[in-house]
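A short write-up of the structure that comes next.
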Amino acid sequence: MTAVSDTSELPSVKAETVLSARSRKPANLGQILRWLLLFLGGLLMIAPITYMISTSLKWPHEIYNVNLIPEEPTIENYTYVLEDGRFYLWFINSIIIAVITTVSNLFFDSLVGYTLCKFRFPGRYIVFIAILSTLMIPTEMLVIPWYMMSQSFGWLDSYWGIMFPGLMTAFGTFLMKQFFESVPDDFLEAARIDGLNEFQIWWKIAMPLVKPALAALAIFVFLGNWTAFLWPLIVTNSVEMYTVPVGLSGFGDEVDVAWELIMTGAAISTLPTLVVFLIFQRFIIRGVVMAGLKG
(Lines give C-alpha, C1' and ligand atoms only; values in the text may rest on other atoms or scores of the structure.)
Protein backbone atom coordinates (compact mmCIF):
# COMPACT_ATOMS: atom_id res chain seq x y z
CA MET A 1 0.00 0.00 0.00
CA THR A 2 2.80 2.37 0.79
CA ALA A 3 4.51 1.78 -2.58
CA VAL A 4 1.25 2.45 -4.44
CA SER A 5 0.62 5.72 -2.58
CA ASP A 6 4.16 6.94 -3.26
CA THR A 7 3.78 6.13 -6.98
CA SER A 8 0.49 8.01 -7.19
CA GLU A 9 2.16 11.16 -5.88
CA LEU A 10 4.89 11.20 -8.55
CA PRO A 11 2.85 12.92 -11.32
CA SER A 12 1.85 15.77 -9.03
CA VAL A 13 5.46 16.24 -7.91
CA LYS A 14 6.66 16.27 -11.51
CA ALA A 15 3.96 18.77 -12.45
CA GLU A 16 4.97 21.12 -9.61
CA THR A 17 8.61 20.84 -10.68
CA VAL A 18 7.76 21.70 -14.28
CA LEU A 19 5.58 24.65 -13.24
CA SER A 20 8.26 26.03 -10.91
CA ALA A 21 10.89 25.68 -13.65
CA ARG A 22 8.64 27.50 -16.13
CA SER A 23 7.88 30.23 -13.60
CA ARG A 24 11.57 31.11 -13.32
CA LYS A 25 12.30 33.86 -15.79
CA PRO A 26 15.78 33.91 -17.30
CA ALA A 27 17.86 36.95 -16.45
CA ASN A 28 17.56 39.50 -19.24
CA LEU A 29 20.32 41.76 -20.48
CA GLY A 30 19.10 44.75 -18.47
CA GLN A 31 19.19 42.84 -15.21
CA ILE A 32 22.67 41.52 -15.96
CA LEU A 33 23.88 45.06 -16.67
CA ARG A 34 22.36 46.32 -13.41
CA TRP A 35 24.10 43.63 -11.41
CA LEU A 36 27.35 44.35 -13.24
CA LEU A 37 27.09 48.06 -12.47
CA LEU A 38 26.35 47.32 -8.81
CA PHE A 39 29.34 45.00 -8.66
CA LEU A 40 31.64 47.62 -10.22
CA GLY A 41 30.24 50.26 -7.89
CA GLY A 42 30.95 48.01 -4.92
CA LEU A 43 34.53 47.55 -6.08
CA LEU A 44 34.98 51.29 -6.35
CA MET A 45 33.61 51.75 -2.84
CA ILE A 46 35.90 49.22 -1.19
CA ALA A 47 38.98 50.17 -3.22
CA PRO A 48 40.07 53.04 -0.88
CA ILE A 49 39.61 50.88 2.21
CA THR A 50 41.55 48.05 0.60
CA TYR A 51 44.39 50.41 -0.35
CA MET A 52 44.41 51.90 3.17
CA ILE A 53 44.74 48.50 4.84
CA SER A 54 47.34 47.38 2.30
CA THR A 55 49.46 50.50 2.85
CA SER A 56 49.25 50.13 6.61
CA LEU A 57 50.93 46.70 6.30
CA LYS A 58 53.82 47.92 4.15
CA TRP A 59 57.34 49.06 4.98
CA PRO A 60 58.27 52.65 4.00
CA HIS A 61 60.16 51.54 0.90
CA GLU A 62 57.05 49.73 -0.39
CA ILE A 63 54.64 52.67 -0.09
CA TYR A 64 54.68 53.59 -3.77
CA ASN A 65 54.43 49.97 -4.87
CA VAL A 66 51.10 49.54 -6.67
CA ASN A 67 50.69 45.94 -5.50
CA LEU A 68 47.79 45.60 -3.07
CA ILE A 69 49.40 42.61 -1.39
CA PRO A 70 52.58 43.72 0.43
CA GLU A 71 55.73 41.83 -0.45
CA GLU A 72 56.80 41.76 3.21
CA PRO A 73 53.71 42.39 5.39
CA THR A 74 54.42 43.92 8.79
CA ILE A 75 52.49 45.06 11.84
CA GLU A 76 55.25 47.39 12.99
CA ASN A 77 53.19 50.38 11.87
CA TYR A 78 50.32 49.36 14.15
CA THR A 79 52.72 48.84 17.02
CA TYR A 80 54.24 52.29 16.51
CA VAL A 81 50.86 54.05 16.29
CA LEU A 82 49.38 52.28 19.31
CA GLU A 83 52.47 53.05 21.38
CA ASP A 84 52.20 56.76 20.53
CA GLY A 85 50.33 58.48 23.36
CA ARG A 86 49.07 61.24 21.08
CA PHE A 87 46.87 58.85 19.13
CA TYR A 88 45.09 57.71 22.30
CA LEU A 89 44.54 61.36 23.26
CA TRP A 90 43.08 62.19 19.84
CA PHE A 91 40.92 59.09 20.01
CA ILE A 92 39.52 60.15 23.41
CA ASN A 93 38.88 63.69 22.16
CA SER A 94 36.92 62.34 19.20
CA ILE A 95 34.90 60.01 21.43
CA ILE A 96 34.00 62.82 23.86
CA ILE A 97 32.99 65.21 21.09
CA ALA A 98 31.04 62.65 19.08
CA VAL A 99 29.14 61.27 22.09
CA ILE A 100 28.19 64.67 23.56
CA THR A 101 27.02 66.09 20.24
CA THR A 102 25.04 62.93 19.53
CA VAL A 103 23.22 63.10 22.86
CA SER A 104 22.59 66.83 22.38
CA ASN A 105 21.11 66.26 18.91
CA LEU A 106 18.88 63.45 20.11
CA PHE A 107 17.47 65.69 22.83
CA PHE A 108 17.12 69.08 21.12
CA ASP A 109 16.32 67.92 17.58
CA SER A 110 13.58 65.59 18.78
CA LEU A 111 12.18 68.24 21.14
CA VAL A 112 12.03 70.91 18.42
CA GLY A 113 10.72 68.45 15.86
CA TYR A 114 7.95 67.37 18.24
CA THR A 115 7.03 70.98 18.96
CA LEU A 116 6.83 71.90 15.27
CA CYS A 117 4.80 68.78 14.52
CA LYS A 118 2.29 68.55 17.35
CA PHE A 119 1.75 72.16 18.44
CA ARG A 120 -0.24 74.72 16.48
CA PHE A 121 1.03 78.28 16.91
CA PRO A 122 1.41 81.33 14.65
CA GLY A 123 4.54 81.26 12.51
CA ARG A 124 5.11 77.53 12.93
CA TYR A 125 5.76 76.94 9.24
CA ILE A 126 7.94 80.02 8.99
CA VAL A 127 10.14 78.70 11.79
CA PHE A 128 10.34 75.29 10.13
CA ILE A 129 11.26 76.77 6.74
CA ALA A 130 13.86 78.99 8.39
CA ILE A 131 15.45 75.94 10.01
CA LEU A 132 15.47 74.01 6.73
CA SER A 133 16.94 76.97 4.85
CA THR A 134 20.13 76.64 6.88
CA LEU A 135 20.79 73.37 5.04
CA MET A 136 21.47 75.40 1.90
CA ILE A 137 24.30 77.37 3.52
CA PRO A 138 27.73 75.77 2.87
CA THR A 139 29.79 75.02 5.95
CA GLU A 140 32.69 77.03 4.54
CA MET A 141 30.57 80.20 4.74
CA LEU A 142 29.83 79.62 8.42
CA VAL A 143 33.42 79.04 9.49
CA ILE A 144 34.25 82.75 9.89
CA PRO A 145 31.16 83.57 12.06
CA TRP A 146 31.79 80.46 14.14
CA TYR A 147 35.41 81.43 14.66
CA MET A 148 34.51 84.99 15.67
CA MET A 149 31.98 83.67 18.16
CA SER A 150 34.51 81.21 19.59
CA GLN A 151 37.09 83.96 19.92
CA SER A 152 34.64 86.34 21.59
CA PHE A 153 33.47 83.80 24.15
CA GLY A 154 36.90 82.29 24.77
CA TRP A 155 36.04 78.92 23.25
CA LEU A 156 39.12 78.56 21.06
CA ASP A 157 41.09 75.35 21.57
CA SER A 158 38.42 73.79 23.78
CA TYR A 159 35.86 71.01 23.61
CA TRP A 160 33.03 73.52 23.67
CA GLY A 161 34.51 75.42 20.74
CA ILE A 162 34.64 72.24 18.66
CA MET A 163 31.16 71.03 19.63
CA PHE A 164 28.90 74.07 19.68
CA PRO A 165 28.19 74.30 15.89
CA GLY A 166 26.89 70.71 15.85
CA LEU A 167 24.93 70.52 19.10
CA MET A 168 21.72 70.88 17.09
CA THR A 169 21.18 70.31 13.38
CA ALA A 170 18.50 71.28 10.88
CA PHE A 171 18.59 67.82 9.32
CA GLY A 172 17.92 66.19 12.68
CA THR A 173 14.99 68.53 13.32
CA PHE A 174 13.52 67.71 9.92
CA LEU A 175 14.03 63.97 10.40
CA MET A 176 12.36 63.93 13.80
CA LYS A 177 9.45 66.12 12.67
CA GLN A 178 8.73 63.73 9.81
CA PHE A 179 8.67 60.77 12.16
CA PHE A 180 6.52 62.49 14.76
CA GLU A 181 3.89 62.91 12.03
CA SER A 182 3.25 59.17 12.36
CA VAL A 183 2.48 59.39 16.09
CA PRO A 184 -1.34 59.40 16.48
CA ASP A 185 -2.74 62.47 18.19
CA ASP A 186 -5.19 60.23 20.06
CA PHE A 187 -2.31 58.79 22.08
CA LEU A 188 -1.25 62.27 23.12
CA GLU A 189 -4.79 63.32 24.01
CA ALA A 190 -5.24 60.20 26.13
CA ALA A 191 -1.99 61.03 27.96
CA ARG A 192 -3.23 64.57 28.63
CA ILE A 193 -6.45 63.19 30.06
CA ASP A 194 -4.37 60.95 32.34
CA GLY A 195 -2.70 64.05 33.74
CA LEU A 196 0.71 64.01 32.02
CA ASN A 197 2.29 67.35 31.19
CA GLU A 198 3.64 68.11 27.72
CA PHE A 199 7.22 67.19 28.55
CA GLN A 200 6.13 63.84 29.99
CA ILE A 201 4.00 63.18 26.92
CA TRP A 202 6.97 63.86 24.66
CA TRP A 203 9.35 61.73 26.73
CA LYS A 204 7.14 58.81 27.72
CA ILE A 205 4.68 58.54 24.82
CA ALA A 206 6.12 60.07 21.66
CA MET A 207 9.80 59.23 21.99
CA PRO A 208 9.39 55.43 22.32
CA LEU A 209 7.34 55.44 19.11
CA VAL A 210 10.13 56.99 17.02
CA LYS A 211 13.05 54.80 18.06
CA PRO A 212 14.11 54.04 14.45
CA ALA A 213 14.46 57.76 13.78
CA LEU A 214 16.44 58.27 16.98
CA ALA A 215 18.79 55.42 16.06
CA ALA A 216 19.30 56.75 12.53
CA LEU A 217 19.91 60.28 13.79
CA ALA A 218 22.39 59.04 16.40
CA ILE A 219 24.41 57.23 13.75
CA PHE A 220 24.42 60.18 11.34
CA VAL A 221 25.53 62.63 14.01
CA PHE A 222 28.14 60.31 15.50
CA LEU A 223 29.74 59.53 12.15
CA GLY A 224 29.60 63.16 11.07
CA ASN A 225 31.38 64.41 14.17
CA TRP A 226 33.83 61.51 14.21
CA THR A 227 35.02 62.32 10.69
CA ALA A 228 34.80 66.15 10.94
CA PHE A 229 38.03 67.82 9.85
CA LEU A 230 37.66 71.45 8.73
CA TRP A 231 36.19 73.06 11.83
CA PRO A 232 38.30 71.14 14.41
CA LEU A 233 41.37 72.05 12.39
CA ILE A 234 40.52 75.76 12.50
CA VAL A 235 39.38 76.06 16.11
CA THR A 236 42.15 74.01 17.77
CA ASN A 237 45.70 75.23 18.33
CA SER A 238 47.33 72.62 20.57
CA VAL A 239 48.12 69.04 19.67
CA GLU A 240 46.38 67.88 22.85
CA MET A 241 43.01 69.12 21.56
CA TYR A 242 43.26 67.53 18.12
CA THR A 243 40.67 65.01 17.03
CA VAL A 244 41.62 61.87 15.12
CA PRO A 245 41.21 63.34 11.59
CA VAL A 246 43.16 66.48 12.47
CA GLY A 247 45.88 64.55 14.27
CA LEU A 248 46.32 62.08 11.45
CA SER A 249 46.75 64.88 8.90
CA GLY A 250 50.11 65.72 10.46
CA PHE A 251 50.99 62.31 11.78
CA GLY A 252 54.29 61.77 9.99
CA ASP A 253 57.96 62.58 9.93
CA GLU A 254 59.21 66.17 9.87
CA VAL A 255 61.18 65.68 6.65
CA ASP A 256 58.81 63.42 4.72
CA VAL A 257 55.21 62.35 5.27
CA ALA A 258 54.99 58.83 6.69
CA TRP A 259 52.05 57.56 4.68
CA GLU A 260 52.25 54.11 6.19
CA LEU A 261 51.67 55.60 9.67
CA ILE A 262 48.85 57.82 8.47
CA MET A 263 47.13 54.87 6.81
CA THR A 264 47.62 52.78 9.93
CA GLY A 265 46.03 55.43 12.12
CA ALA A 266 43.20 55.84 9.63
CA ALA A 267 42.59 52.09 9.60
CA ILE A 268 42.39 51.97 13.39
CA SER A 269 40.14 55.04 13.60
CA THR A 270 37.80 53.56 11.00
CA LEU A 271 36.97 50.54 13.14
CA PRO A 272 34.42 52.31 15.42
CA THR A 273 32.55 53.73 12.43
CA LEU A 274 32.45 50.37 10.68
CA VAL A 275 31.19 48.62 13.79
CA VAL A 276 28.50 51.24 14.36
CA PHE A 277 27.39 51.11 10.74
CA LEU A 278 27.28 47.30 10.54
CA ILE A 279 25.20 47.07 13.70
CA PHE A 280 22.75 49.87 12.98
CA GLN A 281 22.65 50.06 9.18
CA ARG A 282 19.04 48.85 9.07
CA PHE A 283 18.05 51.85 11.18
CA ILE A 284 19.85 54.20 8.77
CA ILE A 285 18.01 52.79 5.76
CA ARG A 286 14.66 52.75 7.50
CA GLY A 287 15.17 56.25 8.87
CA VAL A 288 16.00 57.75 5.49
CA VAL A 289 13.17 55.91 3.69
CA MET A 290 10.54 56.79 6.27
CA ALA A 291 11.67 60.43 6.40
CA GLY A 292 11.09 60.67 2.66
CA LEU A 293 7.68 58.99 2.78
CA LYS A 294 6.18 60.82 5.74
CA GLY A 295 4.82 64.34 5.80
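Numbers below:
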| quantity | calculated |
| --- | --- |
| Given (1) without any contact (Cβ under 8 Å) to a residue 40 or more places away in the chain; (2) closer than 24 Å to Pro232 by Cβ, number of the condition Glu76 does not satisfy | (2) |
| Residues that are polar (S, T, N, Q), surrounded by 20 or more Cβ atoms within 10 Å (Cβ to Cβ) and in a helix (DSSP H, G or I), drawn from segment 145-182 | Ser150, Thr173, Gln178 |
| Within segment 219-264, tally of residues that are closer than 15 Å to Ala98 by Cα, among the small types (Gly, Ala, Ser) and surrounded by 22 or more Cβ atoms within 10 Å (Cβ to Cβ) | 1 |
| Some residue of segment 30-41 being at pLDDT below 85, part of a helix (DSSP H, G or I) and not basic (Lys, Arg) | yes |
| Residue check, Ser94 small (Gly, Ala, Ser), farther than 18 Å from Gly224 by Cβ, in contact (Cβ under 8 Å) with a residue 24 or more places away in the chain and in the same structural domain as Leu248 (by TED's automatic domain parsing) | no |
| Output for segment 117-169, where each listed residue is in contact (Cβ under 8 Å) with a residue 60 or more places away in the chain and charged (D, E, K, R) | Lys118, Glu140, Asp157 |
| Among (1) outside any helix (DSSP H, G or I); (2) buried (at least 17 other Cβ atoms within 10 Å of the Cβ); (3) at pLDDT below 75 - the single one Phe283 does not satisfy | (1) |
| Ser110 touching a Ser or Thr at 6+ places or on another chain (Cβ under 9 Å), over 24 Å from Gly265 (Cβ atoms) and part of a helix (DSSP H, G or I) | yes |
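Yes or no, residue by residue, for (1) farther than 16 Å from Asn225 by Cα; (2) under 21 Å from the mean Cα position of the chain (by Cα); (3) acidic (Asp, Glu):
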site	(1), (2), (3)
Leu106	no, yes, no
Pro122	yes, no, no
Leu132	yes, yes, no
Leu135	yes, yes, no
Gly154	yes, no, no
Thr173	yes, yes, no
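The values are calculated or read from the model by the stated rules, or taken from the named source; none is laboratory data. These numbers come from a predicted model, not from an experiment. Positions of Cβ are backbone-derived with ideal geometry, glycine not excepted, and every protein chain shown enters the neighbour counts.
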